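Some notes on the structure that comes next.
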Amino acid sequence: MLRSLLRRLTKALLWFAGGSVLLVLLFRFVPPPGTALMVERKVESWVDGEPIDLQRTWKPWDEISDDLKVAVMAGEDQKFPEHWGFDFGAIQAALAHNELGGSIRGASTLSQQVSKNLFLWSGRSYLRKGLEAWFTALIEVLWPKQRILEVYLNSVEWDDGVFGAEAAARHHFGVSAKSLSRQQASYLAAVLPNPRVWSASHPTAYVSRRAGWIRQQMSQLGGTSYLLGLDDSRRAPWAQ
């Protein structure tokens, strides 16, 4: 009985591994029709009895403001062009900070956030973190950096039910994702740690200060020229 159980478990794991690889490969070329987080928000609305209208319009890389791309990296993951999905220095710093108590500091890279938002559920269980690491490794190996950032910008939540750069730009500023100004981009990036509480179009004093800091970081990183760092010449041929 034990051998039979182990065989079934092994077979299930192999099917999961193969299926997840194929799914990640598919989404390298095909825009994901939605995300696990969008499904979660919809289910939450049904449970709460408060209908929610999910807003999302996929836009390809060239139809998203370069300032928004840099602002998001400046605010969320400045080492994104360099790492392979995990920023171990940031993880160690977050662990040291969290041991002191008080506010909890995260250390998720953009790649980890894509994995979580696209494929997984919210929560802090070891199972979810393990699956997040698996999907993060897959997308880092199988996708170029530009694709990771493109999927992120089209999937991240910017208000209740507002997903992706195009919907966020229309919702907050009445413009397209491509037409976002540098200042508007910095405000959108500033609210990403807590987009359901903070507003890019009606910022608090804290959000305004954070947006100003992000603009400073954008300049120090080299502005839109920082996007040249997404060159994947250092990566495996199938991920270029």
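The values are calculated or read from the model by the stated rules, or taken from the named source; none is laboratory data. Just so you know, these numbers come straight off a predicted model, no measurement behind them. We place every Cβ from the backbone using ideal geometry, glycine too, and count neighbours over all the protein chains shown.
If you go through segment 110-134 and keep only what is within 17 Å of PHE16 (Cα to Cα) and either buried (at least 23 other Cβ atoms within 10 Å of the Cβ) or out of contact with any Leu (no Cβ under 7 Å at 6 or more places or on another chain) (or both), you end up with SER115, LYS116, LEU118, PHE119, TRP121, LEU127, LYS129, GLY130, ALA133, TRP134. Annotation note: of LEU131, LEU142, LEU127, the sole residue that is in contact (Cβ under 8 Å) with a residue 60 or more places away in the chain and not β-branched (Val, Ile, Thr) is LEU142. For segment 43-77, a tally of residues being out of contact with any helix residue (DSSP H, G or I) (no Cβ under 9 Å at 6 or more places or on another chain) and not charged (D, E, K, R) returns 5. Going by the conditions given, is ARG234 basic (Lys, Arg) and modelled with pLDDT under 95? For ARG234, the condition - basic (Lys, Arg) and modelled with pLDDT under 95 - is met. All told, LEU149 falls short of being surrounded by fewer than 19 Cβ atoms within 10 Å (Cβ to Cβ) and assigned to a helix (DSSP H, G or I). For segment 48-79, the set of residues classified as small (Gly, Ala, Ser) and part of a loop (DSSP other than H, G, I, E, B) consists of GLY49, SER65, listed by residue number. Please work out if HIS171 is part of a helix (DSSP H, G or I), at pLDDT below 95 and not charged (D, E, K, R). Spelling it out, it is not the case that HIS171 is part of a helix (DSSP H, G or I), at pLDDT below 95 and not charged (D, E, K, R). Here ALA200 clears all of (1) outside any helix (DSSP H, G or I); (2) surrounded by fewer than 22 Cβ atoms within 10 Å (Cβ to Cβ); (3) not β-branched (Val, Ile, Thr) except the condition numbered (2). Does VAL24 satisfy the condition of being at pLDDT 95 or above, assigned to a helix (DSSP H, G or I), at negative phi and touching a Gly at 6+ places or on another chain (Cβ under 8 Å)? No.
Of the set (1) at pLDDT below 95; (2) under 30 Å from VAL39 (Cα atoms), all apply to GLU157 but (1).
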